[in-house]
1. Which ranges mark the strands (runs of 3 or more DSSP E) fully within region 1-91 that have 2 or more residues being under 18 Å from the mean Cα position of the chain (by Cα) and not charged (D, E, K, R)?
2. Of all residues in region 118-142, which are surrounded by 14 or more Cβ atoms within 10 Å (Cβ to Cβ), part of a loop (DSSP other than H, G, I, E, B) and more than 9 Å from ligand 1 (Cβ to nearest atom)?
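Every number in this text was worked out from the coordinates using simple rules, so none of it is lab data. Please read these numbers as outputs of a predicted model, since none were measured by experiment. Heads up, the Cβs are rebuilt from the backbone with ideal geometry, glycines too, and the neighbour counts pull from every protein chain shown.
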Amino acid sequence: MIIRVADLEPEGLQIDVPLALGPLRSDADEIIRVEDAHLRGDARRSSRWLEVRGRLTCKAEVPCARCLAGFQVPVDRTFTLRYAFATPGGKDIEIAEEELDVDFLEADGELDLRLVASEQIYLELPMKPVCRPSCRGLCPVCGQDLNLGACDCGAGPPGASDHVLRSIEPEGA
Ligand SMILES: [Zn+2]
Ligand SMILES: [Zn+2]
């Protein structure tokens, strides 16, 4: 769904749409699959800005930072974004101090809500998503998924607590 600023009525626009979001890429160049994305909210404008308030829900599948297995993170994010209209000719415009975060948009421009939604997903996802708190990750030496059992290389689970180490019985003992 695309909002054309010039077409926006004074009373604003109600938003209640499912969004088809293609796979996104994380900063670490990992693929993030998105399912069931839905955006609800509204858009309204003044002579100086466009404001979009919304609530985005979806399920995002991300790779675990420890074991690399994909798992789903529920996303439910409420946001308010304000886009100031850039003045033609590139003249500096005065921005009130509390508006320093604002993005800019042409007054006759358009806003793709899929891009807005994608950005909100990036903001919501943890930097290092972990599939579960007890995830043991991969052995740094042989690469075995230590959630499936201890590996044979003897390096043991990285960063595992004493409790975890004690709970692993040596094979054949
Ligand atoms: Zn994991
Ligand atoms: Zn190993």
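1. 13-19, 31-45, 49-63, 70-86
2. 125, 139
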